[in-house]
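The values are calculated or read from the model by the stated rules, or taken from the named source; none is laboratory data. Remember, predicted model here, so these are calculated numbers, not experimental data. Here the Cβ positions follow ideal geometry from the backbone for every residue, glycine too, while neighbour counts run over all protein chains shown. Please note that ligands, DNA and RNA were not included when accessible areas were found on the heavy atoms of the full protein model with its side chains. Shrake-Rupley method; radii C 1.70, N 1.55, O 1.52, S 1.80 Å.
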Amino acid sequence: MEIPEPLRRRLNQPPPPAIDQVRGFLGGYVADCDGLHEVREQMASLAQIRVRTVRGYAEAIDTLLATPQPQGTLRDMVAWDGNWVLDDPTSDEAAAAWLRDLAALIRSTLDETT
């Protein structure tokens, strides 16, 4: 079976930068949640059909945190893209810690569901 050319091009494209992946994840799965329990539920549901996608979210967070970011980037990302209020909303360090915890939540959800 031959793969159509538009799909072949899409499959061969490099993944978007980690910052874009994390922004998309926060906007799509975190921004409208009432708590991290809802994020866990969504990841558990998604992991039933797209394990690699869910694992990719945790990996993108790790990559983002391993790369120095301009001051305010992580703070703004959590606040604006994730619609999440941190105890210290002015701190990139607090945002980084929250994102690390979020990646751990994703991984523990994968461990429980796969």
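Quick look at the numbers
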{"item": "Single condition residue 32 does not satisfy, out of (1) modelled with pLDDT of 95 or more; (2) in a helix (DSSP H, G or I)", "result": "(2)"}
{"item": "Extreme residue, farthest from residue 33 (Cα to Cα), among residues of region 68-87 that are open to solvent by 90 Å² or more (accessible area, probe 1.4 Å) and without any contact (Cβ under 8 Å) to a residue 12 or more places away in the chain", "result": "68"}
{"item": "Hits in region 5-19 (condition: out of contact with any helix residue (DSSP H, G or I) (no Cβ under 7 Å at 6 or more places or on another chain) and open to solvent by less than 80 Å² (accessible area, probe 1.4 Å))", "result": "7, 16, 17"}
{"item": "Yes/no for residue 107 being at pLDDT 95 or above, touching a helix residue (DSSP H, G or I) at 6+ places or on another chain (Cβ under 6 Å) and open to solvent by 70 Å² or more (accessible area, probe 1.4 Å)", "result": "yes"}
{"item": "Residue 38 open to solvent by 90 Å² or more (accessible area, probe 1.4 Å) and among the acidic types (Asp, Glu)", "result": "no"}
